[in-house]
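These notes concern the structure reproduced below.
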């Protein structure tokens, strides 16, 4: 039986604004997958469905989980507020499917169910600000380089679009909305009307009418949509109104209009248009006149500068390479903790002036580098012997230095685990702590999974919670695992978690939910296990 993916946009969040098709799709689903806040908004529609809710920024894992469940034959509703195709989940669902070779004819069925987008719901609360050409711009630079966002704001400002800013500000991203205001003030009056709408049509709805100059005086967050009027938008009785045209072809104070409907499109009545109200030219007259495409290309080149291709002809700016941020973790090795001067120089060279490097408590340096060619960076780093690892929701091994390599017996097993599982994509970031003696001085027993080498064999610990007020060590589940078995034991545990863990579900939560992993039992209260004393050096 083929499964089905229902990508549902449920609108602003109130039941009154959910379409009938969206409501039916939720009810007919076996599983609901979505951001926690969104799941709470539609909880009143849920009956029998299995619910998988995750935190913000976990969109990729949600899409992967949805596709996997649909391929198992289930009907899966992936929910987004607003419209699923506007900063929602529809695109990611298709991206994941395409990566797996999906086709519409042979793959799982996909239905995208539209909803009311924030620009529309917020506009309705503000009056009628989106009566003319408008655009939406997300200020989040997590997935889009800020330089590109800057260009879009600048272009929208120059073109006099009504602008809706999504994701304007968060706890960590505070400069973006300030920069957006600065750019737009180059093209708009400080008194341009602005509407700030938080949580439209939800219980916490809050609407503020202000101006472009004063909008930062008010509270703006991730749940706020900022609607900025164009040069003709005006404020009347606390309502933002954008006229349908810059130069009216109608009057509102008389029953008889100056122009009849059939006269409004005549050239002489459109002096602002490309033809400037002039009569249509004959073919002969138009021979030396640039086409609209030529005019548009000329304008783009003037804005961005004359980028030349190899044959010295103007390059189409739309074909320029897009620079992205390449993020990776580097370390000198699994057991080795000493970085050489040559390696430090290589790191400094690839990071340059525009990248960043961050040392972590896990003996890695996180590099974030703007680049068009990640392979060039990795090859330069690997030439110096550095160990490279991906970041994010992947398997990471944190090993001790084995007393500066003196206790070398367990090192090959740590290196084999890293080689086999390092960087493996998982439902959530998972760290395995590996200690070379019973002192466990690198804190292996506090990680998601702990492996401690003692007297020629391995002890295993599962389900540590590393951070938070309820942080706790992992449970001791096995002692004396033979060395030749430890890699296989870890591999089967990780593969089970990869296959059955929910998106964004940490390993300790998974262990608690399923109660048993590869025969190792979870206990609600960690038992006191009598371990043989392990003096330093044992």
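Restricting attention to region 504-526, the residues that are farther than 20 Å from residue 394 by Cα, at pLDDT below 90 and touching a helix residue (DSSP H, G or I) at 6+ places or on another chain (Cβ under 9 Å) total 1. Just wondering, is there one or more residues in region 35-58 that are part of a strand (DSSP E or B), in contact (Cβ under 8 Å) with a residue 60 or more places away in the chain and touching a strand residue (DSSP E or B) at 6+ places or on another chain (Cβ under 6 Å)? For region 35-58, residues part of a strand (DSSP E or B), in contact (Cβ under 8 Å) with a residue 60 or more places away in the chain and touching a strand residue (DSSP E or B) at 6+ places or on another chain (Cβ under 6 Å): present. Screening residue 104 against (1) touching a strand residue (DSSP E or B) at 6+ places or on another chain (Cβ under 8 Å); (2) without any contact (Cβ under 8 Å) to a residue 24 or more places away in the chain; (3) over 30 Å from residue 28 (Cα atoms) leaves a single unmet condition, (3). Scanning region 501-515 for residues that are touching a residue at least 12 places away in the same chain (Cβ under 8 Å) and under 17 Å from residue 53 (Cβ atoms) gives 501, 502, 503, 504, 505, 506, 510, 512.
Summed over region 62-86, residues that are within 24 Å of residue 424 (Cβ to Cβ), out of contact with any helix residue (DSSP H, G or I) (no Cβ under 9 Å at 6 or more places or on another chain) and surrounded by fewer than 24 Cβ atoms within 10 Å (Cβ to Cβ) total 3.
Please go through region 382-409 and pick out each residue that is over 27 Å from the mean Cα position of the chain (by Cα), under 16 Å from residue 342 (Cα atoms) and not in a loop (DSSP other than H, G, I, E, B).
Filtering region 382-409 down to residues over 27 Å from the mean Cα position of the chain (by Cα) leaves 382-386, 399-409.
Narrowing further to those that are under 16 Å from residue 342 (Cα atoms): 382-386.
Correct list: 382 only.
Filtering region 375-397 to residues that are surrounded by fewer than 18 Cβ atoms within 10 Å (Cβ to Cβ) and farther than 30 Å from residue 505 by Cα leaves 375, 376, 378, 379, 380, 382, 383, 384, 385. All conditions in (1) crowded, with 20+ Cβ neighbours inside 10 Å; (2) assigned to a helix (DSSP H, G or I); (3) under 23 Å from the mean Cα position of the chain (by Cα) hold for residue 151, with the sole exception of (1). Is it the case that region 59-77 has a residue that's under 22 Å from the mean Cα position of the chain (by Cα), touching a residue at least 40 places away in the same chain (Cβ under 8 Å) and part of a loop (DSSP other than H, G, I, E, B)? No: zero hits. Residue count for region 308-344, restricted to those that are over 28 Å from residue 442 (Cα atoms) and either modelled with pLDDT of 90 or more or in contact with a strand residue (DSSP E or B) (Cβ under 9 Å, 6 or more places away or on another chain) (or both): 7. Looking only at residues of region 410-431 that are without any contact (Cβ under 8 Å) to a residue 60 or more places away in the chain and either over 16 Å from residue 364 (Cα atoms) or over 26 Å from the mean Cα position of the chain (by Cα) (or both), we find that the one that is surrounded by the fewest Cβ atoms within 10 Å (Cβ to Cβ) is 419.
Applying the condition of being more than 27 Å from the chain's Cα centre (by Cα) and part of a loop (DSSP other than H, G, I, E, B) to region 210-223 and asking which residue is surrounded by the fewest Cβ atoms within 10 Å (Cβ to Cβ) yields 214. I'm told residue 521 meets every condition in (1) free of Cβ contacts under 8 Å to residues at least 60 places away in the same chain; (2) surrounded by 22 or more Cβ atoms within 10 Å (Cβ to Cβ); (3) more than 30 Å from the chain's Cα centre (by Cα) except one. Can you identify the failing condition by its number? Against the list (1) free of Cβ contacts under 8 Å to residues at least 60 places away in the same chain; (2) surrounded by 22 or more Cβ atoms within 10 Å (Cβ to Cβ); (3) more than 30 Å from the chain's Cα centre (by Cα), residue 521 comes up short only on (2). Quick check on residue 101: is it surrounded by fewer than 20 Cβ atoms within 10 Å (Cβ to Cβ), over 18 Å from the mean Cα position of the chain (by Cα) and assigned to a helix (DSSP H, G or I)? No, not satisfied. Just one residue in the set 226, 207, 197 is touching a residue at least 60 places away in the same chain (Cβ under 8 Å), surrounded by 21 or more Cβ atoms within 10 Å (Cβ to Cβ) and touching a helix residue (DSSP H, G or I) at 6+ places or on another chain (Cβ under 6 Å); that residue is 197.
The values are calculated or read from the model by the stated rules, or taken from the named source; none is laboratory data. Everything quoted here is computed from the prediction, not taken from an experiment. Cβ: placed from backbone, ideal geometry, glycine included. Neighbour counts: every protein chain shown.
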